[in-house]
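For reference, the structure I am asking about is given below.
Please treat every number below as a calculation from the coordinates, not as lab data. Bear in mind the structure is a predicted one, so any value in this text is a computation, not a measurement. Note that each Cβ is placed from the backbone with ideal geometry, even for glycine, and that neighbours are counted across all protein chains shown.
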Amino acid sequence: MNTSLKNTARPLGAALRALLCLSVICGVLYPLAVTGIAQALFGTKANGSEISDANGVTVGSSLIGQTYNLPKRNPDDPEEVAKPDLRWFQPRPSNGLGNNGVNTRYALILSGATNRSADNAELVTWVTEAKAAVVADNSTPSCTVRPEDVPAEAVTSSGSGLDPHISPAYAKLQVHRVAERNDLSVRQVAGLVAEHTEGRTLGFMGEPRVNVLELNTALKDMRRY
């Protein structure tokens, strides 16, 4: 009987020791090592690619788009469509996947595309209305926007639905309106766009782009002076 108990206790003891060792290694030491390396070498990315304003306040992540809308007249009305705050550069549309009750700064609850074909009636309506709005919103006494000048991403959401970038063409299209609304010169705002225009990754991958949150954060800081 004693031999039987010893034979049973021996593997159980080995299993418990292995469990303890693996818990310490995999549950404590490895996460600490990975976290330490990530913080040391890729601190900004490891912390969510956060963007802060001039006061050091985190305003969002450079990886996720945000909307810049005026407050709703009736916040409790789900049917009311928020109007864009034209003091700011506007991002890509984000409609198509429903309402987001968690991150109210963006309209999507999931990452994904609308999955509508090019001839889908609802998509055609969205694009047509969005193009008309872009033309109307960005035309100023000193600059009239033509429908053919509106870039594709100004009227369509991205494949992820959360794209934080717009093209330099769409950013430049908004320069006159942003300058007028903020009592800034066109030259000042155009310079801001140029400063925040990123080139192709490694010089050949992707397209030139402008991060809307970074651009608007810089615009907010400029408005303070």
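Which longest run of the chain has no exposed loop site in it, a site being GluC sites (Glu not before Pro) in a DSSP loop with at most 16 other beta carbons within 10 Å, and the site itself not part of the run?
Answer - 81-225.
Given springs between every Cα pair under 10 Å in a Gaussian network model of the chain, which of S117, S158, S61 has the largest fluctuation?
So, out of S117, S158, S61, the one fluctuating most is S117.
In whole angstrom, and with the biggest value first, how far do the Cα coordinates of the chain range along each principal axis?
Principal extents (Cα only, largest first): 97, 43, 42 Å.
Using 7 Å Cα-to-Cβ label points, what is the E148/L32 separation (nm, one decimal)?
Taking the simple label geometry, E148 and L32 are separated by 6.6 nm.
Let me ask something else about it. Within the stretch 132-225, which trypsin sites (Lys or Arg not before Pro) sit in a loop by DSSP and count at most 14 neighbouring Cβ atoms inside 10 Å?
R200, R224
At a Cα cut-off below 30 Å, give the lysines reachable from K131, other chains included and same-chain residues fewer than 8 away excluded.
List returned: K72, K83, K172, K220.
Let me ask something else about it. Report the paramagnetic label zone for Q188: residues of the stretch 156-179 whose backbone N is under 13 Å from a point 7 Å from Cα along the Cα-to-Cβ axis.
Label zone hits: 178-179.
Considering the convex hull of the alpha carbon atoms of the stretch 1-47, report its projected area averaged over all viewing directions, in nm², one decimal.
Result: 3.3 nm².
Convex hull over the alpha-carbon atoms of the stretch 1-82: what's its volume per residue in Å³?
Spread over its residues, the Cα hull of the stretch 1-82 gives 219 Å³ apiece.
Please arrange V175, V124 by counting, for each residue, the other beta carbons lying within 10 Å of its beta carbon, fewest first.
If I rank by nearby Cβ atoms, fewest first, I get V124, V175.
Provide the gained length on full extension for the span A46 to A14, in nm with one decimal, where the gain is 0.36 nm per separating residue minus the Cα-Cα distance.
7.8 nm
Which one, L32, L70, L162, has the greatest fluctuation when you compute a Gaussian network model over the chain with C-alpha springs under 10 angstrom?
Highest fluctuation among the options: L32.
Same structure again: By how many degrees, 0 to 90 and rounded to 10, does the Cα axis of helix 30-46 deviate from the longest principal axis of the chain?
Orientation of helix 30-46: about 10 degrees from the principal axis.
For V59, what residues show an amide H to amide H distance below 5 Å, using hydrogens built from the backbone and excluding near sequence neighbours?
Counting only residues 5 or more places away or on other chains, the set is I51, S52, D53.
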